[in-house]
Amino acid sequence: MLYVQGLSTHIGKIQILHSIDLHVHQGEIVSIIGANGAGKSTLLNTLAGLYFPSTGKVTLEGEVISGLPAHKVVRKGLSLVPEGRQIFSNLTVKENLLLGMYSRYYKEKNQAKDHIEMILDMFPSLKKHIDNLGGNLSGGEQQMLAIGRGLMSKPKIILLDEPSMGLAPKIVNEILEILMRIKKEMGTMIILVEQNVKAALKVADRVYVMEQGNIALHGTPEEISMNPQVKSAYLGIK
Ligand code: ATP
């Protein structure tokens, strides 16, 4: 289980996150929605150790991970798939995947093959391109590669920052199906940050709505989609 209690983050002198409380149970997909600038990416980046929180505590399966640098957070079992994918265009699919495993298995290189096979079973479209350069993949395949790379460290929880960005609806659906398989077959907890609110509600077990660095609402997808404020602001329903 991931527990976040009273988490605040400042960037420079500006407070971006204001005492965030949230949790993710074993086997859950939790979606976080909110307008541009609400603080969703800052929250994920803080959880991943890229920003140091100014207050609060984060525990993953009982171990405190807040305040650790990013490379140690990965070793504790939290993996971030950043906004914009950030795969290496000049490396092959296989090399990109291997980079995701480095922090955990740097002493166990012979395990690489098994892990890559496991990931490729999840993403058949990557299998076809295993020796192609990352830069030659389509946008959807690059996103799958970014998620596959995030899974290579065998995380307990994976955080995805806007995986649907710039992708056609059909590809977005493929990615959502993969997320449901990851949850079911690998038992990985998932936090999904999305501007695509319909997609976020479709796969989530629970949803948090962020506004101006705060959690404004939380509930089941059914509860959140019935909320009048969410309906008009995010779903275009009056
Ligand atoms: P988006 O969907 O646009 O990425 P978001 O909800 O992820 O939005 P953040 O990117 O976390 O929001 O940004 C939250 C606030 O923090 C915004 O007001 C943004 O301008 C500010 N901010 C984020 N990163 C920095 C930074 N490096 N320096 C200064 N301000 C920042």
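The values are calculated or read from the model by the stated rules, or taken from the named source; none is laboratory data. Given the structure is predicted, the values throughout are model-derived calculations rather than measurements. No Cβ is skipped: glycine too gets one built from the backbone with ideal geometry, and neighbour counts run over all protein chains shown.
In this structure, Glu95 does not satisfy being in contact with an Asp or Glu (Cβ under 6 Å, 6 or more places away or on another chain), at pLDDT below 95 and not hydrophobic (A, V, I, L, M, F, W, C).
The condition of being farther than 16 Å from Ile158 by Cβ and either among the small types (Gly, Ala, Ser) or within 12 Å of the ligand (Cβ to nearest atom) (or both) holds for only one of Gln111, Gln15, Gln5, that being Gln15. Comparison of Val74, Val58 shows that the only residue that is in contact (Cβ under 8 Å) with a residue 40 or more places away in the chain, more than 16 Å from the ligand (Cβ to nearest atom) and under 15 Å from the mean Cα position of the chain (by Cα) is Val74.
When Ala216 is tested against (1) surrounded by fewer than 16 Cβ atoms within 10 Å (Cβ to Cβ); (2) within 20 Å of the chain's Cα centre (by Cα), exactly one condition is not met: (2). One residue stands out among those in the stretch 127-175 that are of a type in the set (Asp, Glu) and within 20 Å of the chain's Cα centre (by Cα): the one that is farthest from Ser89 (Cα to Cα), which is Glu174. Note on the stretch 184-204: residues that are in contact (Cβ under 8 Å) with a residue 24 or more places away in the chain and over 18 Å from Leu47 (Cβ atoms) amount to 11.
The requirement of being more than 14 Å from Ala216 (Cβ to Cβ), away from the ligand (no atom under 13 Å from the Cβ), at pLDDT 95 or above and not polar (S, T, N, Q) is fulfilled somewhere in the stretch 34-49, by at least one residue. What are the residues in the stretch 185-201 that are crowded, with 21+ Cβ neighbours inside 10 Å and away from the ligand (no atom under 16 Å from the Cβ), if any? Of everything in the stretch 185-201, those that are crowded, with 21+ Cβ neighbours inside 10 Å and away from the ligand (no atom under 16 Å from the Cβ) turn out to be Thr188, Met189, Ile190. Could we say that Asn173 is assigned to a helix (DSSP H, G or I), free of Cβ contacts under 8 Å to residues at least 60 places away in the same chain and more than 16 Å from the ligand (Cβ to nearest atom) here? Yes; evaluated as a whole, the condition is true for this residue. Does the stretch 18-33 hold any residues that are within 16 Å of the ligand (Cβ to nearest atom) and at positive phi, and which are they? Selection gives Ser19 alone.
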